[in-house]
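First comes the structure, then the notes that go with it.
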Amino acid sequence: MSSENYTPAVNPLPPVVVALVLFIMGVELAFTLGSRGLIGGPSAVGWRLDALQNYSFSPDIFDWMVENGRWPFEHVIRFVTYPFVSGSFTQAVFVCVFLLAMGKMVAEVFGGFQMLVIFVLSGVGGALAYALLLDPNYPLVGGFPPVYGLIGAFTWLLWRKLSLVGENQHRAFGLIAALMGIQLVFGLLFGGTSDWVADLGGFATGFGLSFLLAPGGWARIVRRIRRD
């Protein structure tokens, strides 16, 4: 039986979210299976290492580009490629879990293309924060900075909703505060790196982009400029 008013029990995932998850997990499965000798032959054991060398974001290379004023494409592209190279299978799984949850909510409100822009540019923002605010000796890999950008967009939605109903807008930042707190605890207990700075940079980028990319965002900006 069919009906024009039929609503599926489970809302389908936006295609852009599915594509990103499949790509991230596809790359990770290739690394994992290759390291176990199940695909690719003997050379596949080094696929992850090769990818880390060629596609991770390197602060040293970034410093070199700034100092010399040279921006080779094979190095600039690292701003975009590093989120798709995970350091481990576990990291890739957690990135995809957050991407499925946050990406779905952001894409449904902002639109698929806008969600992709937030994802990509938040990765860039996270890498810049990582390189400019720290002096790290290790590259940046994994999709957490762009995922935190989606969390920033989701936080913006909560922030706007709370403003419309006259409630305390600071409540919208509860999720990012909790996530940063968890990272701090894990870092103190088990040791860790400073890549949380990249995550926070991604969050700030996603939150800031939401003013422009949210439905009606550009029109609101134009109206405010005209009023001022």
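The values are calculated or read from the model by the stated rules, or taken from the named source; none is laboratory data. All figures in this text were calculated on a predicted structure; none of them were measured in a lab. Note that we place each Cβ from the backbone using ideal geometry, even for glycine, and neighbour counts take in every protein chain shown. What goes into the accessible areas is simple: the full protein's heavy atoms, side chains included, and nothing from ligands, DNA or RNA. Shrake-Rupley method; radii C 1.70, N 1.55, O 1.52, S 1.80 Å.
Helix-derived [θ] at 222 nm for the chain: sum -39500 (n - 2.57) over DSSP H runs of at least 4, divide by residue count, nearest 500?
On the way: 11 runs with 159 residues, N = 228.
Result for the chain, helices only: -22500 deg cm²/dmol.
Let a ≥ b ≥ c be the square roots of the eigenvalues of the Cα gyration tensor of region 106-181; is it rounded (a/c under 1.5), or, if not, prolate (a/b larger than b/c) or oblate?
oblate
Only Cα pairs under 8 Å and at least 6 apart count here; give the relative contact order of the chain as a rounded whole percent. Write down the numbers at each step before the final one.
Details: 295 pairs, mean separation 49.8, N = 228.
Relative contact order, the chain: 22 percent.
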Roughly how many Å² is the accessible area per residue of the chain, as a whole number, for a 1.4 Å probe?
57
Longest the chain segment clear of GluC sites (Glu not before Pro) sitting in DSSP loops (not H, G, I, E or B) with at most 12 other Cβ atoms within 10 Å runs 5-166
Helix 89-110 against the longest principal axis of the chain: what's the angle in degrees, Cα atoms only, rounded to the nearest 10?
30
For the chain, what is Rg from Cα atoms divided by 2.2 N^0.38 Å, rounded to two decimals?
1.13
Qualifying trypsin sites (Lys or Arg not before Pro) for region 40-82 [loop in DSSP, other Cβ within 10 Å: at most 11]
ARG70
Calculated on alpha-carbon atoms, Rg and Dmax of region 50-124 in Å
14.7, 43
Between ALA177, THR81, TRP156, whose Cα lies farthest towards the positive end of the dipole of the chain when Lys and Arg beta carbons carry +1 and Asp and Glu beta carbons carry -1, centred on the Cα centre?
TRP156
In region 15-226, taking the dipole from +1 charges on Lys and Arg beta carbons and -1 charges on Asp and Glu beta carbons about the Cα centre, the listed residue (SER58, ALA127, GLY40) farthest towards the positive end is ALA127
So if I place +1 on the C-beta of Lys and Arg and -1 on the C-beta of Asp and Glu, and nothing else carries charge, what would the dipole magnitude of the chain be about its Cα centre? I want it in debye, nearest 20.
760
Of the accessible area of region 19-114, with the probe set at 1.4 angstrom, what percent is carbon plus sulfur?
67
